[in-house]
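Take a look at the structure below.
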Amino acid sequence: MDVWSYSQTKYDPGENATNGNRFLTGNGYMGYRGTMDEWGKSELAAVNLAGVYDRNGDRWREPVNAPNGLFFKLYVDGEAMALGEAEPLKHRQTVHFRRGVHQRETEFQKVILKSERL
């Protein structure tokens, strides 16, 4: 067992918000929620910059989301290959805490998506 990593080997849409926190990676300047590459704001994808907050009157609120430069969506024969839109045959998501790496591998009927964020 690797104590420096955490993995899940199934996709449960009810855990999207929780997994965004479980698989979060950051470097002290920028943080990226552990969401899928093809997800947007409705699935709580977020890129946060350290020290940049929303202000309402004289009160500070939440960190501001920066543009998501890693977003992509793959279509095969007009069908979106995206979690939440197509049923995966297999799915594995891992965060390596020591190295600060997020990995994902999702197998759909027609394609296997693999990505890695450092």
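The values are calculated or read from the model by the stated rules, or taken from the named source; none is laboratory data. This structure is a prediction, so every number in the text was calculated from the model and none was measured. So basically every Cβ, Gly included, is an ideal-geometry build from the backbone, and we count neighbours across all protein chains shown. Please note that ligands, DNA and RNA were not included when accessible areas were found on the heavy atoms of the full protein model with its side chains. Shrake-Rupley method; radii C 1.70, N 1.55, O 1.52, S 1.80 Å.
Scanning region 55-87 for residues that are at pLDDT below 90 and part of a loop (DSSP other than H, G, I, E, B) returns GLY57, ASP58. For region 1-51, residues that are without any contact (Cβ under 8 Å) to a residue 24 or more places away in the chain and touching a helix residue (DSSP H, G or I) at 6+ places or on another chain (Cβ under 9 Å) total 4. Residues that are surrounded by 11 or more Cβ atoms within 10 Å (Cβ to Cβ) and out of contact with any Phe, Trp or Tyr (no Cβ under 9 Å at 6 or more places or on another chain) within region 58-71 comprise ASN65, ALA66, listed in sequence order.
Taking LYS110, is it open to solvent by 90 Å² or more (accessible area, probe 1.4 Å), without any contact (Cβ under 8 Å) to a residue 40 or more places away in the chain and part of a loop (DSSP other than H, G, I, E, B)? It is true that LYS110 is open to solvent by 90 Å² or more (accessible area, probe 1.4 Å), without any contact (Cβ under 8 Å) to a residue 40 or more places away in the chain and part of a loop (DSSP other than H, G, I, E, B). Restricting region 19-49 to residues that are over 30 Å from ILE112 (Cα atoms) and modelled with pLDDT of 90 or more, the residue that is farthest from the chain's Cα centre (by Cα) is TYR29.
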